[in-house]
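Asker: Would you mind keeping the following structure in view while I ask a few things?
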Amino acid sequence: MPGPVSPRLGIATVCLSGTLDDKLAAVAAAGFDGVEIFENDLVVSPWSPEQVRGRCAGLGLTIDLYQPFRDFEAVPPDVLAANLRRAEHKFDVMERLGADTMLVCSSVSPDAVDDDDLAAEQLHTLAERAARRGMRIAYEALAWGRFVDTFDHSWRIVRRAGHAALGLCLDSFHILSRDSDPATIRVIPGEKLFFVQLADAPRLRMDVLQWSRHHRLFPSQGAFDLPAFVGHVLSTGYAGPLSLEVFNDVFRQADPYRTAVDAMRSLVVLRERTAASGPPAVRERVRVRDLPPAPPLSGFASTVVAAPEPAEVANTLRAMGFRARDAGTDAKLWTQGAASVLVRATDEDTARVAAFQVDSADPAVARGRAERLLARSRPDGTVAAPDGTAIAFTVGHEEGEPGLLTGIDHLSLAAPYDDVDQTALFYRSVLGLEPEPDVEFAAPFGLVRGLSASDPDKRVRIAHNVAMLRRGEWAPAVPDPQHIAFTTVDAIATAGCMRDNGVPLLDIPDNYYDDLDARLAPSRLDELRVGSVLYDRDEHGEYLHFYTAILGGRVFFEVVQRIAGYTGYGVLNSPVRMAAHRRLRVEQPSRL
């Protein structure tokens, strides 16, 4: 017996940048089954509808939807006549495209009236005309529709119209942005769901139209519970595509090939999450059968720092207690306890965390998962993250001699603000990490957004801190800083030893400790002050940490001590660290 048929995966051309040809090529390259043709993309294309149809067929793409058709229903007779004439022209285009479903959005027109009977009657008329051509009408409730703005209202009108060629289009954004209960989707017969569009989004308090048009995201990049939404939809027996419709200012200016790959990855992750948590009848249908679960991770095996002046990084590691051995031409591996850092030369202008290796229960399976999630493989056996960082998987690693430091706590990597959601999703999905709460904080040179994720056992943690907006030429903050955080069992003692050994540590101002005393009154305040050790505490435990100066223009090291169940990163102390780095660079310009 064949297994359940997996949903076909589609994407609207409006999600991507470029001409229609650019978009279709990117969609096909990413492995999608079909596309929604957005009318504006066709209108500006030099290709005829027949040429678009042929191009899609040649790429192996179906045209699943033509959209949007706006402001149709519940209007006076003269407006209806004009709308029907307009619809017939669109049906002509659809015939030439080979598309059989047209999206009709609930009206926002000032000509519309609040009359469900009239809306149903006029939609019945439109559906009858579509049916004569072998086409269907998918009616969608816009979250900002003038009178119809919820999916249950649109369903009442479709039921009242009672035409086989009239059904619903459900868009996750329009439903979840209004906090509608998606569980009630289950009462709709699957054959009356003609199309399903998916979009995630951050939770924002703003006009819903502007929220929709500028801030949609791909699944698992925002705050919506899309696995539950998909579970409800598929429980109806819906057999059509799961298609992305994401309006996002960044995506519509970015490389369409990369965006399409990010989009496909998000759908694969969505299917995996739905298979893990959805209704039993749905799980097998959405399961990605060639996507293995992420093998458990036991920690970071090593990191790679590429630096234009490797000696600066090496000297700092030596003073921190690391010991070196040769690791190839122009490279040395520095070890201490379970912490390993390979330092190599680069012809780039600044240092960077170029790669890292994690201990995996099954490296081959881990790499296979990464490749299934569209990670680019490299000849050296690593896979490339979107930010250019190389990731390798291994089983165990040789530890160095015991010292002040015991291992690697976390990595803080960098991504442009416009790319951080896609980059963070890549790391979470490939490594099997769980997202931690996002944070925002005011830094000396603007707002910073922090995203982080960790494995269930908190052995692998990856954070991204990105400037939310950068304008103008005066930007004294370090562009895209990165750091490696090492663990210790006694941060205060370690800071003292490292300072005595000549490690270039940051000096923290007295004002910080005066404020710390007022806020948290730590028992070892005087020792923290003397050692320039920062401190945080929550209901689970305590966090002590300190930092080195910037090395190679971009990279620095952190040393952390976690006490009890503290799982954060001392985010409140980040502006203090940034200001201290700025002060050091002003006083010692050679560190710029």
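Asker: Tell me, what is the per residue accessible area of the chain in Å², probe radius 1.4 Å?
Answerer: Here the residues of the chain average 41 Å² of exposed surface.
Asker: Sticking with this one: Between Pro280, Phe356, Val250, whose Cα lies farthest towards the positive end of the dipole of the stretch 235-383 when Lys and Arg beta carbons carry +1 and Asp and Glu beta carbons carry -1, centred on the Cα centre?
Answerer: Final value for the positive-end residue is Pro280.
Asker: Taking square-rooted eigenvalues a ≥ b ≥ c of the alpha carbon gyration tensor, is the stretch 368-494 rounded, prolate or oblate, where a/c under 1.5 means rounded and, failing that, a/b exceeding b/c means prolate?
Answerer: oblate
Asker: Order His540, His124, His410, most accessible first, counting only protein heavy atoms with a 1.4 angstrom probe.
Answerer: Sorted descending by solvent-accessible area, the residues read His540, His124, His410.
Asker: In terms of the Cα gyration tensor, with a ≥ b ≥ c the square roots of its eigenvalues, is the stretch 147-288 rounded because a/c is under 1.5, prolate because a/b exceeds b/c, or oblate?
Answerer: oblate
Asker: Still on this structure, please answer the following. Quick one: compute the contact order of the stretch 12-120, relative version, from alpha carbon pairs under 8 angstrom and 6+ residues apart, as a percent.
Answerer: Values: 139 pairs, mean separation 30.9, N = 109.
Once normalised by length, the contact order is 28 percent.
Asker: Then there's this: How much of the calculated P(r) for the stretch 1-156 lies past 28 Å, in percent of all Cα pairs?
Answerer: 27 percent
Asker: Name the long-range amide H neighbours of Arg554: under 5 Å, sequence gap of 5 or more, or other chain; modelled H, no Pro or chain starts.
Answerer: Here the answer is Ala351, since their amide H atoms fall under 5 Å of that of Arg554.
Asker: May I pose another question? Near the amide H of Arg216, under 5 Å away, which other amide H atoms are found, from residues 5 or more places off or on another chain, if H is placed in the peptide plane?
Answerer: Sorted by chain and number, the residues that satisfy this are Phe247.
Asker: Can I ask one more? Starting from the 7 Å offset along Cα-to-Cβ, what nm value, one decimal, do you get for the label separation of Ala331 and Asp507?
Answerer: Roughly 3.9 nm, to one decimal.
Asker: Continuing with this model, one more query. Give me the one-decimal nm value for the distance between modelled label points at Glu371 and Asp115, 7 Å along each residue's Cα-to-Cβ direction.
Answerer: Computed distance between label sites Glu371 and Asp115 equals 6.3 nm.
Asker: Moving to a separate point now. Could you derive backbone 3J(HN,Hα) for the stretch 291-304 from the dihedral phi with the Karplus parameters 6.51, -1.76 and 1.60 (θ = phi - 60°), listing whole Hz in sequence and x where the residue is Gly or Pro?
Answerer: 10, x, x, 5, x, x, 10, 10, x, 7, 7, 6, 10, 10
Asker: Run the reach check for Lys90 against lysines, Cα to Cα strictly under 26 Å, same-chain hits fewer than 8 apart removed. What comes back?
Answerer: Lys23, Lys192
Asker: Tell me, in nm to one decimal, what length is gained between Val208 and Asp255 on full extension, where the rule is 0.36 nm per residue of separation less the Cα-Cα distance?
Answerer: 14.2 nm
Asker: Hey, any idea what % of the chain's accessible area is carbon plus sulfur with a 1.4 Å probe?
Answerer: Taking all protein chains in place, the chain shows 51 percent carbon and sulfur surface.
Asker: Of the listed peptides 225-234, 504-513, what is their order by residue-averaged count of other C-beta atoms within 10 Å, with the highest listed first?
Answerer: 225-234, 504-513
Asker: Starting from the amide H of His410, placed 1.01 Å from N in the peptide plane, find each other amide H under 5 Å away whose residue is 5 or more places distant or on another chain.
Answerer: Ala485
Asker: Strictly greater than 18 Å: what percent of every Cα pair in the stretch 403-466 meets that?
Answerer: 38 percent
Asker: Read phi for every residue in the stretch 206-214 and hand back ³J(HN,Hα) as whole Hz from Karplus 6.51 cos²θ - 1.76 cosθ + 1.60, θ = phi - 60°, with x for Gly and Pro.
Answerer: 7, 3, 5, 5, 5, 4, 5, 7, 10
Asker: Note the angle between two axes, namely the Cα long axis of helix 574-587 and the longest principal axis of the Cα atoms of the chain, as a number of degrees from 0 to 90, rounded to the nearest 10.
Answerer: Compared with the principal axis, the helix lies near 60 degrees.
Asker: For the stretch 338-408, state which GluC sites (Glu not before Pro) are in a DSSP loop and have at most 11 other beta carbons lying within 10 Å of their beta carbon.
Answerer: Of the GluC sites (Glu not before Pro), the ones in loops of the stretch 338-408 whose Cβ has at most 11 other Cβ atoms within 10 Å are Glu398.
Asker: Please state the shape class of the stretch 196-263: rounded when a/c is under 1.5, otherwise prolate if a/b exceeds b/c and oblate if not, all from the C-alpha gyration tensor.
Answerer: Since a/c reaches 1.5 but b/c is at least a/b, the shape of the stretch 196-263 is classed as oblate.
Asker: With +1 on each Lys and Arg Cβ and -1 on each Asp and Glu Cβ, how big is the dipole of the chain about its Cα centre, in debye rounded to the nearest 20?
Answerer: 940 debye
Asker: Extending each Cα 7 Å along its Cβ direction at Glu309 and Asp514, get the distance between those two points in nm, one decimal.
Answerer: For Glu309 paired with Asp514, the spin-label model returns 3.6 nm.
Asker: Quote to one decimal, in nm, the extra length available between Glu50 and Arg129 on full extension: 0.36 nm per residue of separation minus the C-alpha distance between them.
Answerer: That works out to 26.2 nm of additional length.
Asker: In addition: When ranked by the protection proxy of mean other Cβ atoms within 10 Å per residue, highest first, what sequence do the peptides 167-173, 147-153 form?
Answerer: Highest to lowest by the protection proxy: 167-173, 147-153.
Asker: Hey, another quick one. Among His397, Thr346, Ala239, whose Cα lies farthest out toward the positive end of the dipole of the chain, if unit charges sit on the beta carbon of Lys, Arg (+1) and Asp, Glu (-1)?
Answerer: Ala239
Asker: List residues of the stretch 195-210, by number, whose backbone nitrogen lies under 18 Å from a label position 7 Å along Cα→C-beta of Arg178.
Answerer: The answer is 195-201, 204-210, whose backbone nitrogens lie closer than 18 Å to the label point.
Asker: Determine the distance separating the Cα centre of the stretch 279-310 from the Cα centre of the stretch 73-87; give it in Å without decimals.
Answerer: Centre-to-centre distance over Cα atoms comes out at 53 Å.
Asker: Another one. Heads up, I need the accessible area for Asp536: 1.4 angstrom probe, whole protein in place, Å², nearest 10.
Answerer: 20 Å²
Asker: Under the Karplus relation 6.51 cos²θ - 1.76 cosθ + 1.60, θ = phi - 60°, what is the ordered set of whole-Hz ³J(HN,Hα) values for the stretch 343-355, x standing for Gly and Pro?
Answerer: 10, 9, 7, 9, 8, 6, 6, 10, 6, 7, 7, 8, 6
Asker: Would you compute, from DSSP H runs of 4+ residues alone, the mean residue ellipticity of the chain at 222 nm, taking -39500 (n - 2.57) per run and dividing by the full residue count, rounded to the nearest 500?
Answerer: -10500 deg cm²/dmol
Asker: Ok, one more. Just checking my list [x] 27.5, 93; [y] 25.9, 85; [z] 27.8, 87 against Rg and Dmax of the Cα atoms in Å computed from this structure; which label fits?
Answerer: Calculated Rg and Dmax of the Cα atoms in Å: the matching label is [z].
Asker: Which order do peptides 10-17, 261-268, 495-502 fall in by mean Cβ count within 10 Å, highest first?
Answerer: Going by the mean number of other Cβ atoms within 10 Å, highest first, we get 10-17, 261-268, 495-502.
Asker: Nearest 0.05, what FRET efficiency do Arg323 and Val395 give at R0 = 22 Å with Cβ-Cβ as r?
Answerer: 0.40
The values are calculated or read from the model by the stated rules, or taken from the named source; none is laboratory data. Bear in mind that the values here come from a model prediction, so they are computed numbers and not experimental data. Counting neighbours? That spans all protein chains shown, and the Cβs are built from the backbone with ideal geometry, glycine included. Just the protein is used for accessible areas: all its heavy atoms, side chains included, with ligands, DNA and RNA removed. Shrake-Rupley method; radii C 1.70, N 1.55, O 1.52, S 1.80 Å.
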